[in-house]
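Before any comments, here is the structure.
The values are calculated or read from the model by the stated rules, or taken from the named source; none is laboratory data. Being a predicted model, the structure only gives us computed values, none of them experimental. Virtual Cβ from ideal backbone geometry, glycine too; neighbours counted across all protein chains shown.
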Amino acid sequence: MTTWRVASDLASVMVPIGIVGAVLATVCAIVAAVAIIRGAEGLSGGAVAVWIVCALTSFTASFANQWMPVIISCAALVAMLVIGGVVRLVVGATAAGRAERRRGRAEEPVSTTRSVSTVSTVPTNTATVSVVA
């Protein structure tokens, strides 16, 4: 068996392993983005740790000079981390603004002067009284 034949046989096995690694790395990157959006630090750290293993698995395709799985897995992580961070900032900004508006409505000054009218059955005295609380 020649060296070329061995290399060809190994490449036929390594490229599918690399593609599977790239797919799993992309899934881990998506999980990391969702974890960042939700604020789950432990889950995002775990997803990135598993991504590292899957990215190294996708590196096996480079044995046959197939660099696309490695590029896809790295690009997926970068894209998902950026998207997760941006969405987290947007959600955080709208949540903070929502809480600020609620506090503003709760702290609106209430009128301290009230007009009270008393109605009696006797038509002699109908008066408006100002009560200062």
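Restricting ALA11, ALA61, ALA75 to those that are free of Cβ contacts under 8 Å to residues at least 12 places away in the same chain, out of contact with any Leu (no Cβ under 6 Å at 6 or more places or on another chain) and hydrophobic (A, V, I, L, M, F, W, C) reduces the list to ALA75.
Hey, does segment 34-43 have a residue that's in contact (Cβ under 8 Å) with a residue 40 or more places away in the chain, under 13 Å from the mean Cα position of the chain (by Cα) and part of a loop (DSSP other than H, G, I, E, B)? Scanning segment 34-43, I find at least one residue that is in contact (Cβ under 8 Å) with a residue 40 or more places away in the chain, under 13 Å from the mean Cα position of the chain (by Cα) and part of a loop (DSSP other than H, G, I, E, B), so the answer is yes.
To keep it simple, each residue is scored yes or no on (1) in a helix (DSSP H, G or I); (2) under 21 Å from the mean Cα position of the chain (by Cα); (3) small (Gly, Ala, Ser); (4) at pLDDT below 95.
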site: LEU24; (1), (2), (3), (4): yes, yes, no, no
site: ALA29; (1), (2), (3), (4): yes, yes, yes, no
site: GLY45; (1), (2), (3), (4): yes, yes, yes, yes
site: ALA61; (1), (2), (3), (4): yes, no, yes, yes
site: GLN66; (1), (2), (3), (4): no, no, no, yes
site: VAL78; (1), (2), (3), (4): yes, yes, no, no
site: LEU81; (1), (2), (3), (4): yes, yes, no, yes
site: GLY85; (1), (2), (3), (4): yes, yes, yes, yes
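In segment 47-59, of all residues being surrounded by 15 or more Cβ atoms within 10 Å (Cβ to Cβ) and among the hydrophobic types (A, V, I, L, M, F, W, C), the one that is farthest from the chain's Cα centre (by Cα) corresponds to PHE59.
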